[in-house]
Amino acid sequence: MKKLSLLSLTLTCVLGFASCSDNATPAAENQLANATATTKGSTNKVAGAPWVKQFEDTFDVGSSLSQWTKEQRADYNSWYCDYYSSVPTTQWRDGKQCLEIKTTKLSTYKYQSGFITSNYQYKPENNTEYMLSANIKLIAMDGGTYKSFTETYGAWPAFWSVQGNAWPTQGEIDILEGYSFAPNASRYTSNIFYGTSTGNNQLGNSAERNYPANFDINGNGGWHLYESFWKMKDNIVTVTIKVDNVTVSIYTNSGVSNLNLNNFGKHSIIFNVNVGSKDSNFIDPNKINLFTTVMMWVDDVTVYKRPI
């Protein structure tokens, strides 16, 4: 993601979820080591160690989203997108109870969208690992007809975690950023941001990692599992990003120049859909086409923790 303003404190970066059981008894937690965990949907995971649930939102229809802050402000990276607290809602979609973030065109160069930040924050202690998961689908609609996300131009949805205070001194982890560039190929990436002074990202986009070339988030069946594994083992920090159980990127201090993952602070979880950019060479505002709307659907989000 391009951080284009000094206030780029936050912004960007969508989907997967791996659920084991509810807060379990110690005996049940021990069983997680060899048990298969199943989400509300069809995603399965085999836990390799006793994971203990720290946070979950199943986005049941009618939920007030009380575990989240719904932003009401302009986007920091785009001239064309404003976030409204009324936009994030819970809906039945594809037979699932989901978080829905939906874009709406207000005028030629202005779009309404949504941005939510978890009140929950997390960071690994030494010899611990956290797993953040969410199931996400990106889709568009043209009137009553569903369109692939890849048929749109100018949408910028994201699933990410960040410590917003004095950004980027306590880091940002972009699990998924999607960029729609129809009729050309859309792009999906992970990324890391970090700097030692407020408003100064020292990495540029050197940590950006593209998803596999054949990765696709389109069509009515386009649900994907997104995961961030954030661990500290013997005071060495590693962040691993996976999609559908396939590793997309592994971040270490030695792997990216000027990166210090040990300085990352407690992070909140964020889902948002941006539109456009402040850089017209990156996203041309005159080409933006979201049909009637572009939507992000999130079927559950969880955070688990285990000793390592």
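The values are calculated or read from the model by the stated rules, or taken from the named source; none is laboratory data. Everything numeric here is computed off the predicted structure, so don't read it as measured data. Positions of Cβ are backbone-derived with ideal geometry, glycine not excepted, and every protein chain shown enters the neighbour counts.
Please state which one of 255, 265, 276, 222 is of a type outside the set (Val, Ile, Thr), in contact with a Lys or Arg (Cβ under 8 Å, 6 or more places away or on another chain) and over 22 Å from residue 54 (Cα atoms).
None of the other options fit; the residue is 222.
Look through segment 168-186, keep the residues that are modelled with pLDDT under 95 and polar (S, T, N, Q), and return whichever of them is surrounded by the fewest Cβ atoms within 10 Å (Cβ to Cβ).
Only one residue fits best here, namely 184.
Quick check, is residue 216 over 20 Å from residue 56 (Cβ atoms) and crowded, with 16+ Cβ neighbours inside 10 Å?
yes
Just need a number here: residues in segment 138-194 that are within 17 Å of residue 275 (Cβ to Cβ), in a loop (DSSP other than H, G, I, E, B) and of a type in the set (Gly, Ala, Ser).
Of the residues in segment 138-194, 4 are within 17 Å of residue 275 (Cβ to Cβ), in a loop (DSSP other than H, G, I, E, B) and of a type in the set (Gly, Ala, Ser).
Going by the structure shown, is residue 297 closer than 29 Å to residue 150 by Cα and at pLDDT below 95?
no
Restricting the first residue to segment 183-199 and requiring it to be at positive phi, which pairs with a second residue that is surrounded by 13 or more Cβ atoms within 10 Å (Cβ to Cβ) and not β-branched (Val, Ile, Thr) meet a Cβ separation below 9 Å and a spacing of at least six or different chains?
199/3; 199/5; 199/7; 199/8; 199/9; 199/166; 199/167; 199/168
Does residue 150 satisfy the criteria of being modelled with pLDDT under 95 and closer than 12 Å to residue 290 by Cα?
Spelling it out, residue 150 is indeed modelled with pLDDT under 95 and closer than 12 Å to residue 290 by Cα.
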